[in-house]
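Peer 1: Pasting in a structure now, in structure tokens, and then I'll have a few things to ask.
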Amino acid sequence: MKILVGIDGSDHSLWALMEAVNIAKKISGAITVITVYTQGKEEEAERIRQKTLNYLKKEEVDNSFYAILGANPSRALVDIAKREHFDLIVVGSRGLGSATAFLVGSVSKQVVSKAPCDVLVVKK
Ligand SMILES: Nc1ncnc2c1ncn2[C@@H]1O[C@H](COP(=O)(O)OP(=O)(O)OP(=O)(O)O)[C@@H](O)[C@H]1O
Ligand SMILES: [Mg+2]
């Protein structure tokens, strides 16, 4: 089973990754983590990569990481899931955004509505 995880550097997205790792371990799945970043945010994307790989190296799970330049994280997640035939997308319910009036962020909302596969929205 191929699992795609979206990471934006938030605690929520780290919790999503932890949940994805738990699932992958149980079913011998493979995890692909992506962070979508905009121009000028290369250093932030690199920090997210380091943090993610640092966490994943302690876990015995098949994994890879990609930083993707783009302005639309949900579209990138959905397009990759379609193109590479992922079975599951895992995202956090919230991210770095501060609009706490919403229980679910715009990226996770869009992923749920546009994904070609199952989506797990991790809440905490
Ligand atoms: N740039 C990104 N790259 C990869 N995954 C992302 C990105 N942004 C968000 N995600 C994923 O979507 C989840 C929910 O984040 P989302 O952006 O929807 O919430 P938010 O930041 O609280 O709200 P909003 O962005 O609408 O203000 C994150 O936990 C993460 O899994
Ligand atoms: Mg956001």
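Peer 1: Sort out which residues of region 68-79 are touching a Ser or Thr at 6+ places or on another chain (Cβ under 9 Å) and either near ligand 1 (Cβ under 9 Å from one of its atoms) or of a type in the set (S, T, N, Q) (or both), and write them in order of number.
Peer 2: ILE68, GLY70, PRO73, SER74
Peer 1: In region 80-99, what residues are under 11 Å from the mean Cα position of the chain (by Cα), within 6 Å of ligand 1 (Cβ to nearest atom) and surrounded by fewer than 23 Cβ atoms within 10 Å (Cβ to Cβ)?
Peer 2: GLY95
Matching residues to (1) more than 16 Å from ligand 2 (Cβ to nearest atom); (2) touching a Pro at 6+ places or on another chain (Cβ under 6 Å); (3) charged (D, E, K, R):
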residue: GLY6; (1), (2), (3): no, no, no
residue: ASP11; (1), (2), (3): no, no, yes
residue: LEU17; (1), (2), (3): no, no, no
residue: SER28; (1), (2), (3): yes, no, no
residue: LYS41; (1), (2), (3): no, no, yes
residue: ALA45; (1), (2), (3): no, no, no
residue: LYS51; (1), (2), (3): yes, no, yes
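Peer 1: List pairs: first residue in region 94-117 and under 19 Å from TRP15 (Cα atoms) and more than 9 Å from ligand 2 (Cβ to nearest atom), second residue assigned to a loop (DSSP other than H, G, I, E, B) and of a type in the set (S, T, N, Q) anywhere in the structure, Cβ distance under 6 angstrom, at least six positions apart or on different chains.
Peer 2: Close Cβ pairs (under 6 Å, with a partner that is assigned to a loop (DSSP other than H, G, I, E, B) and of a type in the set (S, T, N, Q)) amount to VAL104/SER93.
Peer 1: Given the structure, is TYR55 of a type in the set (Phe, Trp, Tyr), out of contact with any strand residue (DSSP E or B) (no Cβ under 8 Å at 6 or more places or on another chain) and surrounded by 14 or more Cβ atoms within 10 Å (Cβ to Cβ)?
Peer 2: Yes, satisfied.
Peer 1: Could you give every pair whose Cβ atoms fall below 7 Å, whose first residue belongs to region 35-61 and is closer than 19 Å to VAL91 by Cα, and whose second residue is of a type in the set (Asp, Glu) and at pLDDT 95 or above, counting only separations of at least 6 or pairs across chains?
Peer 2: Listed pairs, sorted by first residue: THR35/ASP8; TYR37/GLU44.
Peer 1: Would you confirm, using the coordinates I've provided, whether MET18 is within 14 Å of ligand 1 (Cβ to nearest atom) and either over 18 Å from ILE89 (Cβ atoms) or of a type outside the set (Ser, Thr, Tyr) (or both)?
Peer 2: yes
Peer 1: Which of the following residues is hydrophobic (A, V, I, L, M, F, W, C), under 13 Å from the mean Cα position of the chain (by Cα) and surrounded by 13 or more Cβ atoms within 10 Å (Cβ to Cβ): ALA20, ALA24?
Peer 2: Only one candidate qualifies: ALA20.
Peer 1: Note down all Cβ pairs under 6 Å where the first residue falls in region 8-29 and is closer than 13 Å to TYR55 by Cα and in contact (Cβ under 8 Å) with a residue 60 or more places away in the chain, the second is of a type outside the set (Asp, Glu) and surrounded by fewer than 18 Cβ atoms within 10 Å (Cβ to Cβ), and they're at least six residues apart or on different chains.
Peer 2: So the pair list comes out as TRP15/LYS124.
Peer 1: I'm told ASP8 meets every condition in (1) exposed (fewer than 13 other Cβ atoms within 10 Å of the Cβ); (2) within 11 Å of ligand 1 (Cβ to nearest atom) except one. Can you identify the failing condition by its number?
Peer 2: (1)
The values are calculated or read from the model by the stated rules, or taken from the named source; none is laboratory data. The shown structure was predicted, so the numbers you read here are calculated from the model rather than taken from an experiment. All Cβ positions, even for glycine, are placed from backbone atoms using ideal geometry, and neighbour counts span all protein chains on display.
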